[in-house]
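Readers should treat all values here as calculations from the given coordinates under stated rules, not as data from a laboratory. If you're wondering where the values come from, they're calculated on a predicted model, not measured in any experiment. Positions of Cβ are backbone-derived with ideal geometry, glycine not excepted, and every protein chain shown enters the neighbour counts.
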Amino acid sequence: MGKRERLSGNEAVAIALRQINPDVFPAFPITPSTEIPQYFASYAANGQVDTEFIPVESEHSSMSAAIGASAAGARSLTATSSCGLAYMWEELYIAASNRLPLVLALVNRALSGPININCDHSDSMGARDSGWIQMYAENNQEAYDNMVQAYRISEHKDVRLPVMICQDGFITSHAVENIELLEDEEVKNFVGEYEPENYLLNPECPIAVGPYAVTDYYMEAKRAQAEGMRHAVQVVKDVAKEFASLSGREYGLFEEYCLEDAERAVVMIGSAAGTTKDAVDKLRADGEKVGLLKIRLFRPFPAEEIAEALKGVKAVAVMDRAEGYSNQGGPLGADVMAALYRSRSEALAVNYVYGLGGRDVRVEDMEDVFAALKQMRQDQDPGETYRYLGIRE
């Protein structure tokens with residue numbers, strides 16, 4: 001039986017971690033993720049977890065310690081945001097290439113500069129090709145639920161890759177919402193005990209972790225890593241199905257909102273999906289066939305499934321909360337448009353960059369996006385396919 005609580009996204013994630021009771025949690029504070037280790041440190045101090053909580057001197061060290069703990073056979077994690085993620089860049093690739101099943105709680109924040117502490121996705125999008133599985137939340141409930149599912153995905157024998165659980169800085173991390181928590185015992189049983197097959201401290205099977213890979217082996221290692229990503233898609237769906245039977249809350253690779261008969265659709269990631277749902281509801285009440293595809297799993301990118309979900313749509317706006325500096329738009333736009341092209345979709349498509357540095361996104365803004373899609377359909381011309389939303393030009 002679930003428990004109703006009013007929690008911020010950071011506290012909800014910290015509670016999920018308390019229920020999971022990981023072995024090692026190295027941490028270094030950075031806004032807006034600081035509260036996650038702060039809450040967890042109190043759990044450790046109060047004896048509510050058995051976790052070895054390690055204050056370290058930098059984000060590079062926090063990921064290094066998490067990697068060492070995972071390689072030694074411990075269930076480990078850390079948390080960070082923005083420049084903290086950038087500081088651990090080198091270690092992100094090491095964690096993934098060593099096939100270590102660990103978790104990062106990432107609270108999305110704009111990367112400097114200019115210096116900004118508010119939400120956009122430039123930090124996680126910059127790490128999108130580091131070999132980490134990336135999952136995004138719209139709200140506090142999803143941030144909690146994604147964290148509960150993270151280790152089941154990461155530790156699966158066919159995956160064995162690190163998982164980045166992302167939520168929008170301040171918008172979800174600090175805002176308080178009603179959410180439903182699972183009972184401690186339910187989470188414990190769902191996640192299970194971690195029983196690594198190979199690890200550094202196993203005297204029966206000595207191994208090396210992270211050895212130098214000469215030319216004859218490097219590509220094969222990367223190919224094996226890519227195979228883990230390929231398997232992750234099905235594992236994410238399987239874990240979500242089991243989670244639904246426990247919680248009653250259903251998840252998949254993405255959420256289709258009013259998409260069944262939609263002729264115009266928006267594709268996006270994160271908290272602005274809630275604003276977009278309000279715009280969809282308002283326009284639907286006026287008889288307009290509009291819908292939303294909200295991405296939950298961004299890496300690996302479920303291109304075929306996304307193209308299938310959008311197959312009936314005539315005009316699509318892909319919304320990026322990060323600039324790609326390619327003169328073409330953002331990273332989500334590039335991936336979605338490639339998926340549409342490969343499926344031979346005839347939908348007109350544009351890419352919007354929006355919400356950078358925490359710029360507000362209103363229902364009216366999303367109504368304007370749908371109006372632009374309507375005009376595209378009438379003109380049978382996408383016009384400028386690389387646009388900014390809500391900016392002073």
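When every Cα-Cα distance of the range 316-366 is counted in 5 angstrom steps from zero, the calculated P(r) takes the values 5, 21, 26, 22, 16, 8, 3, 0 percent. With each label modelled as a point 7 angstrom along the Cα→C-beta vector, the Glu57-Glu304 pair spans 5.0 nm.
In this label model, Glu193 and Glu288 are separated by 5.7 nm, measuring between points 7 Å along each Cα→Cβ vector.
Length, then width, then depth: along the principal axes, the Cα atoms of the range 112-181 run 41, 33, 12 Å.
Each label point was placed 7 Å from the Cα along the Cα-to-Cβ direction; for Asp129 and Glu260 their separation is 4.0 nm. Phi-derived couplings, Karplus 6.51 cos²θ - 1.76 cosθ + 1.60 at θ = phi - 60°, listed residue by residue for the range 286-292: 8, x, 8, 8, 10, x, 9 Hz, with x used for Gly and Pro.
Where only DSSP H runs of four or more residues are counted, the chain gives -13000 deg cm²/dmol as its mean residue ellipticity at 222 nm, each run worth -39500 (n - 2.57). Remark: C-alpha extents of the range 116-156 on the principal axes read 35, 26, 12 Å, sorted largest to smallest. Each part gets one Cα centre, and for the range 126-195 versus the range 67-105 those centres are 15 Å apart. Per residue, the convex hull spanned by the alpha carbons of the range 1-54 comes to 77 Å³. A simple charge model with +1 on the Cβ of Lys and Arg, -1 on the Cβ of Asp and Glu and nothing else charged puts the dipole of the range 3-247 at about 360 debye relative to its Cα centre.
To two decimal places, what compactness ratio does the range 138-267 give when its Cα radius of gyration is scaled by 2.2 N^0.38 Å? Walk me through the intermediate numbers first.
On the way: Rg = 18.7 Å, N = 130, 2.2 N^0.38 = 14.0 Å.
This ratio for the range 138-267 stands at 1.34.
Quick one: Cα centre-to-centre distance for the range 301-357 and the range 199-249, in angstrom? Cα centroid of the range 301-357 versus Cα centroid of the range 199-249: 28 Å apart.
The mean sequence separation of alpha-carbon pairs under 8 Å and at least six residues apart, normalised by the residue count of the chain, gives a relative contact order of 16 percent. Highest-first packing order for the peptide set 287-297, 249-259, 94-104 is 94-104, 287-297, 249-259, based on the mean count of other beta carbon atoms within 10 Å. As an equivalent ellipsoid, the range 3-247 spans semi-axes of 26, 21, 18 angstrom, where each value is the square root of five times an eigenvalue of the C-alpha gyration tensor, largest first.
Treating each Cα of the range 254-388 as an identical point scatterer and summing with the Debye formula, the log10 of I(q)/I(0) at q = 0.20 Å⁻¹ comes to -1.23. The angle between the Cα long axis of helix 331-342 and the main principal axis of the chain comes to about 70°, on a 0 to 90 degree scale. Each distinct pair of alpha carbons in the range 335-393 adds a 1/r term; the inverse of their mean, the Kirkwood radius, is 12.8 Å.
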